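Let me begin by presenting the structure, written as structure tokens, before commenting on it.
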Amino acid sequence: MGHIQDRWYRAAKHPTTREPILDTKGKPVREKTSLYGVGRRYKVRYTDPSGEERSESFPDKQLGAARAFLHKVENDKLAGTYLDPDAGNILFEAQARSWLKGQSQDAATQQTLLSRLNSQLIPYFGKRRLSSINPAVARDWLGSMNEAGMESNYQLVLFDTMTSIMSAAIDDRKISANPFRARSVVKPKPVRRKIVPWTEDRLWSVHDALEPGSQLAASLGAGAGLRQGEILAFSPDAIDRRAKMLNVVRQVRVVQRTLVFALPKGSKTRETPLSDGVLEEIDAHVERFGTTTVTLPWLVPDGRPETVDLVILRGDGRPWSGDLFNKVVWQAAFKDAGLEYRNRLDGMHALRHFYASTLLANGVSVTELAEYLGHSDVKTTLETYTHLMPTSSERARLAVDTVFRPSDLALAQTA
């Protein structure tokens, strides 16, 4: 059990017997110590849950505060909510790097998170102590992002990252509350842009303007829903001709400036239907250009070698990185087609949007579409494409008309 030491006064003792001296009322007489008037008067002494002795000092006339502190410490120890008063002194940067170790160990994800920490969060919070990051600091940070003109969607990404880091600090018993969950701290709101699919004319204009060895990329995106990295890692070996299905089992991506093979996004493989028209184009492409055997490390730069026969390659036979393909091949096709390249609207992801809109317009369910696109949650598909779903209003009207027949229909049936 802890106690409070008065550093300025002590119980007076008889010089010979060393017994406490009492006044006329039987109470101990107090005398000044050699520390009288020096430093803080009251020192709370206690042991933490690990058995380590700790103390906290309070100034003169603050005996009540000292008692309240000791009372809270003892209650927190009993409740299992005790926090080391010094734990919050750790710098944010150290906490952030500790948090990073507990996130997905996927190399590309780690690379993305580390970049986010080093470019945005550590420069602002890195040298601050965790205990000093309060709601006021959080609000100032949000204000600085607004003043810098940062897009709200990226603000939200950074906000969620900070919230996660500070939640980890609570789990580590370094702070007691998350300042980014305070009522006075308003979370950035995402801007949801409605997807406007390409027209068929735009798709074929871009397709035909691509260099011949790369035209298959547009068909695999718009006709099979593949992502860019999946397109660049496509191999004819992934085709199940009997079932007319395409097995999406890998992608190409860059990790630490090195091209690697990896599982598709979310480490989720999938099957997607393969139409006769797309299959014909694949076969024609392979017949004309052949395949090239490519060996890349799996997942990380020093990963095991993975060998695949690829069909969309650079002129020297090497595989494309997504960024290089965008700059050299994809954007050039818009110029050659006489089309304006629109940022956000004309990236290769527009091919998947075209694929999704085509399937929805032809009666494919959202659940099936989510599976073909490789979405982990059908909610993502609904939020992205619900406005593209064909209306059921006309079908509903016709259904009701079978009971409440309009006059022209009733006359036709009685004639």
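Compared with the alpha-carbon gap, the fully stretched path from Asn362 to Leu345 is longer by 3.8 nm at 0.36 nm per residue. Positive end of the dipole of the stretch 88-181 (Cβ unit charges, origin at the Cα centre): among Ile133, Leu121, Met162, the Cα lying farthest that way belongs to Ile133. Working note: Karplus 6.51/-1.76/1.60 with θ = phi - 60° gives the stretch 321-329 the couplings 8, x, 5, 5, 4, 4, 6, 8, 10 Hz, where Gly and Pro are set to x. Here's the list of lysines a cross-link from Lys101 could span, going by alpha-carbon distance under 19 Å and ignoring same-chain residues fewer than 8 apart: Lys174. Using the Cβ-Cβ distance between Lys335 and Ser376 with R0 = 35 Å, the FRET efficiency computed as 1/(1 + (r/R0)^6) comes to roughly 0.45.
Label the stretch 200-388 by shape, choosing from rounded, prolate and oblate, from the square roots a ≥ b ≥ c of the eigenvalues of the Cα gyration tensor; if a/c is under 1.5 it is rounded, and otherwise prolate applies when a/b is larger than b/c, oblate when it is not. Judged from the Cα gyration tensor, the stretch 200-388 comes out rounded (a/c under 1.5). For the peptides 215-225, 183-193, 200-210, 282-292, the ranking by mean Cβ contacts within 10 Å, running from highest to lowest, is 215-225, 200-210, 282-292, 183-193. The label-point distance for Glu383 and Glu151, in a model that sets each label 7 Å from Cα toward Cβ, rounds to 1.6 nm. Using R0 = 60 Å, the C-beta based FRET efficiency linking Gln5 and Arg257 works out to 0.50. Counting only Cβ charges, +1 for Lys and Arg and -1 for Asp and Glu, the dipole size of the stretch 135-274 around its Cα centre is about 560 debye. Note on Glu271 and Asp140: the model spin-label points, each 7 Å out from Cα along the C-beta direction, lie 5.8 nm apart. Fully extending the segment from Lys72 to Asn247, taken as 0.36 nm per residue of separation minus the present Cα-Cα distance, adds 56.9 nm. Helix 152-171 and the longest principal axis of the Cα set of the chain meet at an angle near 40°. Positive end of the dipole of the chain (Cβ unit charges, origin at the Cα centre): among Val191, Pro319, Ile4, the Cα lying farthest that way belongs to Ile4.
In this structure, the amide hydrogen of Val255, modeled 1.01 Å from its nitrogen in the peptide plane, lies closer than 5 angstrom to those of Val260, counting only residues at least 5 positions away or on a different chain. Computed about its Cα centre, the charge dipole of the stretch 3-81 is approximately 360 debye, with only Lys, Arg, Asp and Glu carrying charge at their Cβ. Figure legend: label point modelled 7 angstrom from the Cα of Arg318 along Cα→Cβ; residues of the stretch 235-271 with amide N under 16 Å from it are 253-261. When the Gaussian network model of the chain links Cα atoms closer than 10 Å, the mean-square fluctuations of Thr307, Thr386, Thr47 top out at Thr47.
Taking a sphere under 11 Å around the Cβ of Val185 and counting the other residues whose Cβ falls inside, with K and R at +1 and D and E at -1, yields a net charge of +3. With Cα extents along the principal axes in Å as the read-out, I listed (1) 70, 44, 42; (2) 121, 71, 43; (3) 65, 55, 41; which label goes with the value calculated from this structure? Matching entry in (1) 70, 44, 42; (2) 121, 71, 43; (3) 65, 55, 41: (2). Note on the stretch 314-331 and the stretch 10-79: Cα centroid distance 75 Å, given to the nearest whole angstrom. The label-point distance for Val400 and Asn326, in a model that sets each label 7 Å from Cα toward Cβ, rounds to 4.8 nm. Taking the Cα centre of the chain as reference, the dipole from Cβ charges on Lys and Arg (+1) and Asp and Glu (-1) amounts to some 2960 debye.
Remark: the Gln111-Lys61 segment gains 12.6 nm on full extension, using 0.36 nm per residue and subtracting the alpha carbon distance.
Once the C-beta distance of Arg54 and Ala79 is scaled by a Förster radius of 25 Å, the resulting FRET efficiency is 0.90 to the nearest 0.05. 3J(HN,Hα) couplings calculated from phi for the stretch 99-106 with the Karplus curve 6.51 cos²θ - 1.76 cosθ + 1.60 (θ = phi - 60°) are, in sequence order, 4, 4, 5, x, 8, 3, 8, 4 Hz; Gly and Pro show x.
Given a cut-off of under 8 Å on Cα pairs at least six residues apart, what relative contact order in percent is computed for the stretch 3-81? Reported as a whole number, the value is 27 percent.
Read-outs throughout are calculated quantities, based only on the coordinates presented, and are distinct from any laboratory measurement. Because the structure is a prediction, the values reported are computed rather than measured. No Cβ is skipped: glycine too gets one built from the backbone with ideal geometry, and neighbour counts run over all protein chains shown.
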